[in-house]
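The values are calculated or read from the model by the stated rules, or taken from the named source; none is laboratory data. Predicted model, so just to flag it, every value in this text is computed and none were measured. Using ideal geometry, Cβ is built from the backbone for each residue, glycine included, and neighbour counts are taken over all protein chains shown.
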Amino acid sequence: MSHQVTLIPGDGIGPEVASAARRAVDATGASIDWEIAELNAEVILKTGESLPKHVLDSLDRTRVGLKGPVTTPIGGGYTSVNVALRKRLDLFANVRPVRSLPGVVTRFDDVIIDMVIFRENTEDLYSGLEHEVVKDVVTSLKVITRTASIRIAEYAFQFAQKQGRKKVVAIHKANIMKLADGLFLRCCREIAANYPHIEYTELIVDNAAMQLVMRPEKFDVLLLPNLYGDIVSDLAAGLVGGLGIVPGANMGENHAVFEAVHGSAPDIAGKGIANPTAMMLSSALMLIHLGEPAAAKRLQSAIQAVYLEHSHVTRDVGGTASTNEFTDAVIRAM
Ligand code: NAD
């Protein structure tokens, strides 16, 4: 039976890495009916909606999306479609496995990095509630709720239990934001108490940033509110070789949308040099979600093999291959 999947190419490098991931997924032998939904600056400006109806209709039909990045104008313009999509579909958990890949030279080659980030995905400073109180005085509202905090904490601990992970660390700034981050932390503690066999600790976010750089191998499962989760994800990507290789999943009760951590990378868009690994590894997470673990494994193993051999990797990870050359090598390795 075919799986129906909404493919959102996005913009910038999105169409390049989405097409690479689609070719790789098709080569695994999994049968996917791709429904293409265009979502980019042009469509948003044309329809006047940050979440055009055809995208939502498609995701409501398929319930599963593979999404390329979409550019958000900085400091003005329309609101982020990425944030809007996560809120609209209630994709409350942003899950980002950060792992070293063989042959990628980093500053941390001597340690094995294998951590999973659980970022709350629907609230916090991403509430979009900003206003100018009086001229030149602006407030941005940070919204933290018990419902969302309990939900992400439970999701992270359940995952840790299922995957045999040993440690969960909650990352916060409750020394300063005593009410908001204090509530997040109380919820994490409440859930942690139900999992006594998993070691639970807490770190203030600034200290966490330093510890991640000093001792990245010590981290296992990280549990964070939205903004810290966003920042720490990019930091963690930097530890293993950059944004080109870190995948992600946005999970809700009824929908799942898989996308890389990286954005639309306008600096390299259209040049055919973007690294599609993160998008391919996001596709592997999607295949697992679709109940196709063997296809996921084929894809992951082929990527590992190409990295190990190292003559067909892209320039962001020390090679010279184009997006297509890397993709061809992954398909050959399957
Ligand atoms: P970015 O992730 O697009 O790029 C940061 C740096 O990493 C750039 O130097 C880029 O060339 C490099 N990079 C990223 N992905 C790469 C890949 N696959 N291969 C090789 N190099 C890669 O971050 P940014 O420049 O801060 O943001 C650009 C735009 O993307 C912004 O409009 C932002 O809002 C948007 N964005 C979208 C998403 C999303 O759709 N989920 C996520 C993050 C940022």
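For segment 60-71: of the residues being surrounded by fewer than 24 Cβ atoms within 10 Å (Cβ to Cβ) and within 25 Å of Asn254 (Cβ to Cβ), which is farthest from the ligand (Cβ to nearest atom)?
Going residue by residue through segment 60-71, those that are surrounded by fewer than 24 Cβ atoms within 10 Å (Cβ to Cβ) are 60-64, 71.
Still in the running and within 25 Å of Asn254 (Cβ to Cβ): 60-64.
Numbers: Asp60: 20, Arg61: 22, Thr62: 19, Arg63: 19, Val64: 17 Å.
Across segment 60-71, the extreme among qualifying residues is Arg61.
Cβ-Cβ below 8 Å, separation at least six or inter-chain, first residue in segment 79-103 and among the hydroxyl-bearing types (Ser, Thr, Tyr), second more than 11 Å from the ligand (Cβ to nearest atom) and at pLDDT 95 or above: which pairs?
Ser100/Ile113; Ser100/Asp114; Ser100/Val240
Grab the strands (runs of 3 or more DSSP E) fully contained in segment 190-271, keeping just those with 3 or more residues being in contact with a Phe, Trp or Tyr (Cβ under 8 Å, 6 or more places away or on another chain).
Per the criteria, 221-224, 249-251.
Among the residues that make up segment 31-44, is at least one of them over 18 Å from Met251 (Cα atoms), surrounded by 19 or more Cβ atoms within 10 Å (Cβ to Cβ) and more than 16 Å from the ligand (Cβ to nearest atom)?
Step one: list which residues in segment 31-44 are over 18 Å from Met251 (Cα atoms), which gives 31-44.
Next cut, surrounded by 19 or more Cβ atoms within 10 Å (Cβ to Cβ) only: 32, 37, 39-40, 44.
With more than 16 Å from the ligand (Cβ to nearest atom) added as a condition, the list becomes 32.
Yes - at least one qualifying residue is present in segment 31-44.
Can you tell me which of (1) of a type outside the set (Val, Ile, Thr); (2) surrounded by fewer than 24 Cβ atoms within 10 Å (Cβ to Cβ); (3) near the ligand (Cβ under 7 Å from one of its atoms) is the one Gly270 doesn't meet?
Unmet condition: (3).
Evaluate the following for Ser264: is it over 23 Å from Asp109 (Cβ atoms), within 11 Å of the ligand (Cβ to nearest atom), among the polar types (S, T, N, Q) and surrounded by 18 or more Cβ atoms within 10 Å (Cβ to Cβ)?
yes
Do you know which of the residues in segment 1-21 that are more than 14 Å from the ligand (Cβ to nearest atom) and free of Cβ contacts under 8 Å to residues at least 40 places away in the same chain is surrounded by the most Cβ atoms within 10 Å (Cβ to Cβ)?
Looking at residues that are more than 14 Å from the ligand (Cβ to nearest atom) and free of Cβ contacts under 8 Å to residues at least 40 places away in the same chain, I get Ser2.
Specify which of the listed residues (Arg63, Arg119, Arg107, Arg96) is more than 20 Å from the chain's Cα centre (by Cα), modelled with pLDDT of 90 or more, farther than 17 Å from Ser50 by Cβ and not β-branched (Val, Ile, Thr).
Result: Arg107 is the single residue among Arg63, Arg119, Arg107, Arg96 that is more than 20 Å from the chain's Cα centre (by Cα), modelled with pLDDT of 90 or more, farther than 17 Å from Ser50 by Cβ and not β-branched (Val, Ile, Thr).
Check segment 273-286 and report whether any residue there is more than 10 Å from the ligand (Cβ to nearest atom), surrounded by fewer than 19 Cβ atoms within 10 Å (Cβ to Cβ) and modelled with pLDDT of 95 or more.
No, segment 273-286 contains no residue that is more than 10 Å from the ligand (Cβ to nearest atom), surrounded by fewer than 19 Cβ atoms within 10 Å (Cβ to Cβ) and modelled with pLDDT of 95 or more.
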